[in-house]
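Below is the structure I would like to discuss, written out as structure tokens.
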Amino acid sequence: MSNRTHHRFGALNFGVGALSLITLAGLASAQPFRNVASGDTYQNTTTLLANTDVAGNVFFEVSTDAGFSNIVTTANAAAGALVPAKTGIGGLSAGTRYYYRATDAAGNSRVGQFKTAKPTGAFGGFRMGVSGDWRGELAPYPAARNAAGRDLDAWVSLGDTIYADVASPAVPVPQATTMDEFRLKHREVYSSRFGLNTLGDIRESTSVIVTIDDHEVTNDFQGGAHPSTDPRFAGQAGNFINETQLYRNGLQAVHEYNPIESRVYAGTGDARLENKPKLYRENQYGKNAVVLTTDARSFRDQGLPPANLADPASVGNFLATSLLADRTMLGRQQTADLKADLLEAQNNGTVWKFVNVAEPIQNLGPLGASDRFEGYARERNDILRFIDQNNIQNVVFIAADIHGTLVNNLNYQNSLGGPQISSGAFEITTGSVAYDAPFGPTVVDIAAAQGLLSPADRDLYFSLPLPQREGFIQNLINATIQPFGYDSLGLQGSDIPATLLQGQYTATSTFGWTEFDVDPTTLALTVTTWGILPYTEAELLANPGLITGRDPFIVSQFRVDAVPAPSALALMGLAGLAGMRRRR
């Protein structure tokens with residue numbers, strides 16, 4: 001549900017007009033050293049970034065201790081006026097915590113830390129945080145203020161890491177277009193505001209994995225379509241939207257402001273991917289987990305025309321075209337890479353396979369489906385069928401975009417109108433760090449506007465406490481998806497060995513993030529949704545301390561046992577390994 005106000009600018013001139021770069025830079029208040037970050041961290045390598053306002057050389061030091069008495073390597077990189085310094089680091093040891101210090105040309109320093117991936121074959125647990133969707137005017141994001149202290153192995157920024165098509169304090173124009181506007185958008189969300197720099201703290205505490213959704217460029221763009229299909233790109237050079245200048249500026253800023261390697265596709269034989277930015281990542285964490293992160297935006301075919309929900313024939317045509325037409329959301333090469341890496345992980349004994357996709361892969365009904373995997377059902381079914389037929393176990397899809405948490409098992413079809421077949425996988429969508437309003441209130445207002453809810457029912461929803469609001473939303477979504485033969489929300493009654501521990505299988509009325517914790521001895525996965533009550537920009541500006549002081553609480557939590565369950569002998573061995581690691 002990416003920005004459902006749907007900013008459509010048509011022929012609007014995207015330039016800043018009289019608003020100069022100097023004015024924009026002044027709105028982003030000077031901070032000598034905003035943050036450091038690490039990312040694309042593997043067993044022996046990482047990428048470091050220093051986000052400083054001081055142009056010139058940045059000196060990086062990497063140590064195995066917080067006092068920097070054992071420096072193992074150093075590096076230099078240049079920072080520009082609006083471009084962070086970034087460098088690759090090699091020669092590291094697997095399964096090791098490192099500390100790094102960046103010193104800019106003015107002598108300002110900041111320190112961060114990261115853990116390299118566990119050695120091949122090692123267990124010992126795994127903990128990851130995931131979220132996406134944060135808007136500049138809602139910084140500094142107290143919904144994620146506890147993430148930096150959770151001793152995460154990785155943090156996934158799952159798209160919509162800026163809203164380039166929404167005015168914000170640093171860039172008060174309706175659409176960023178120039179490089180400096182995109183840069184200021186990124187700088188804004190990783191800067192201190194009202195005494196907090198929550199996302200900066202996360203990036204300093206753990207290594208990050210980064211992908212995009214649409215708002216890194218503009219709402220609901222379809223990178224594999226021709227520029228003429230979208231008035232915001234029409235007339236720009238290129239055979240695909242992912243070749244236009246607007247896209248190229250957006251992606252360049254993503255690479256500049258995130259500690260990730262710049263990679264491109266090569267040798268694919270596919271013009272829409274060849275020499276284009278490659279954000280697909282495979283991150284292996286010993287035997288505990290593999291994290292596969294996709295770019296579901298840059299290579300997709302043009303979306304299907306939305307179905308007229310009041311016309312059964314229109315809905316039927318949408319479903320048939322989505323299921324039968326040979327269309328792609330990920331791009332052929334990325335889909336092949338995903339399947340190959342899932343199969344490899346299963347064959348090499350990796351227990352948990354996490355797949356990050358910006359938009360949900362679970363079926364939520366025809367409303368808004370053009371922008372989700374539901375609008376690319378042939379490819380969706382192909383991926384889920386591959387998982388099922390190859391008996392790839394413990395697959396967890398993680399999505400963002402819709403600004404709320406919905407959990408469901410994943411089924412697929414072999415034919416139009418055919419039975420729903422279990423893939424053995426499930427999905428959880430993570431709520432937004434800060435997008436006003438969250439999924440629940442947004443869906444209720446949409447349903448009321450379309451006459452699907454009475455004014456009295458709408459008012460009832462907003463009068464309910466949080467737990468009852470979740471029941472209301474579940475009933476509303478289930479009433480939408482059950483007529484199509486889709487399973488109700490939640491994992492109860494499915495073949496997923498899950499136990500609900502707190503809350504419900506939805507969390508749609510809060511801002512927050514999701515934690516994935518693989519137990520080092522049982523290998524069970526605990527999924528926790530952390531959240532705070534949402535706030536508006538007006539509420540934040542009226543009383544910043546009241547908002548920034550909110551502490552995240554557990555909104556939802558469930559446990560999923562690994563399949564097959566580890567034997568008693570294996571558990572004893574894992575417990576011994578975990579004990580050895582704790583004693584070191």
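Just to check your reading of the model, which residue among G235, G331 is modelled with pLDDT under 95, within 26 Å of I162 (Cα to Cα) and either open to solvent by 50 Å² or more (accessible area, probe 1.4 Å) or in contact with a Leu (Cβ under 7 Å, 6 or more places away or on another chain) (or both)? Give the derivation first.
On the way: G331 fails: modelled with pLDDT under 95.
None of the others qualify; the one that does is G235.
Please indicate, with yes or no, whether at least one residue in the stretch 177-185 is open to solvent by less than 20 Å² (accessible area, probe 1.4 Å) and in contact with a Phe, Trp or Tyr (Cβ under 6 Å, 6 or more places away or on another chain).
No, the stretch 177-185 contains no residue that is open to solvent by less than 20 Å² (accessible area, probe 1.4 Å) and in contact with a Phe, Trp or Tyr (Cβ under 6 Å, 6 or more places away or on another chain).
With the requirement that a residue be in contact (Cβ under 8 Å) with a residue 24 or more places away in the chain and over 25 Å from the mean Cα position of the chain (by Cα), what does the stretch 423-451 give you?
Across the stretch 423-451, the qualifying residues are A447, Q450.
Output the residue which, of all residues in the stretch 62-82 that are over 24 Å from V254 (Cα atoms) and in contact (Cβ under 8 Å) with a residue 24 or more places away in the chain, is surrounded by the most Cβ atoms within 10 Å (Cβ to Cβ). Outline the logic, then answer.
Here is the first cut: in the stretch 62-82, the ones over 24 Å from V254 (Cα atoms) are 62-74.
Next cut, in contact (Cβ under 8 Å) with a residue 24 or more places away in the chain only: 62-66, 68, 72.
On the way: V62: 22, S63: 19, T64: 15, D65: 11, A66: 11, F68: 14, V72: 15.
This residue is V62.
Looking at the stretch 340-357, I want the residues that are under 26 Å from T430 (Cβ atoms) and have a partner that is at pLDDT 95 or above and in a helix (DSSP H, G or I) with Cβ atoms under 6 Å, at least 6 apart or on another chain. Which pairs are those?
K353/L342; K353/A345
Out of all the residues in the stretch 358-379, is one or more open to solvent by less than 10 Å² (accessible area, probe 1.4 Å), over 23 Å from T480 (Cβ atoms) and part of a loop (DSSP other than H, G, I, E, B)?
no
Does any residue of the stretch 295-302 turn out to be modelled with pLDDT of 95 or more and farther than 30 Å from Y42 by Cβ?
First, pick out the residues of the stretch 295-302 that are modelled with pLDDT of 95 or more: 295-302.
Cutting the leftovers down to farther than 30 Å from Y42 by Cβ gives us 301-302.
Yes, the stretch 295-302 has at least one match.
Considering the stretch 429-455 alone, what residues qualify as being open to solvent by less than 10 Å² (accessible area, probe 1.4 Å), out of contact with any Pro (no Cβ under 7 Å at 6 or more places or on another chain) and part of a loop (DSSP other than H, G, I, E, B)?
T430, the sole residue that qualifies.
Scanning the stretch 539-560 for residues that are in a strand (DSSP E or B) and touching a residue at least 40 places away in the same chain (Cβ under 8 Å), which turns out farthest from G471 (Cα to Cα)? Let's see the steps before the verdict.
Within the stretch 539-560, the first condition is being in a strand (DSSP E or B), and the residues that meet it are 553-560.
Filter once more, so that each one left must be touching a residue at least 40 places away in the same chain (Cβ under 8 Å): 554-560.
Working: I554: 17, V555: 14, S556: 13, Q557: 16, F558: 17, R559: 20, V560: 22 Å.
Here the residue is V560.
May I pose another question? Among the residues of the stretch 304-326, write down those that are more than 14 Å from Y376 (Cβ to Cβ) and part of a helix (DSSP H, G or I).
Correct list: P312, A313, S314, V315, G316, N317.
Can you find a residue that is modelled with pLDDT under 95, under 23 Å from A253 (Cβ atoms) and either surrounded by 13 or more Cβ atoms within 10 Å (Cβ to Cβ) or of a type in the set (S, T, N, Q) (or both) anywhere in the stretch 34-49?
Looking for residues that are modelled with pLDDT under 95, under 23 Å from A253 (Cβ atoms) and either surrounded by 13 or more Cβ atoms within 10 Å (Cβ to Cβ) or of a type in the set (S, T, N, Q) (or both), one finds at least one in the stretch 34-49, hence yes.
The values are calculated or read from the model by the stated rules, or taken from the named source; none is laboratory data. Bear in mind that the values here come from a model prediction, so they are computed numbers and not experimental data. Note: ideal-geometry Cβ built from the backbone for every residue, glycine included; neighbour counts use all protein chains shown. Protein only, heavy atoms only, side chains kept; ligands, DNA and RNA dropped before computing areas. Shrake-Rupley method; radii C 1.70, N 1.55, O 1.52, S 1.80 Å.
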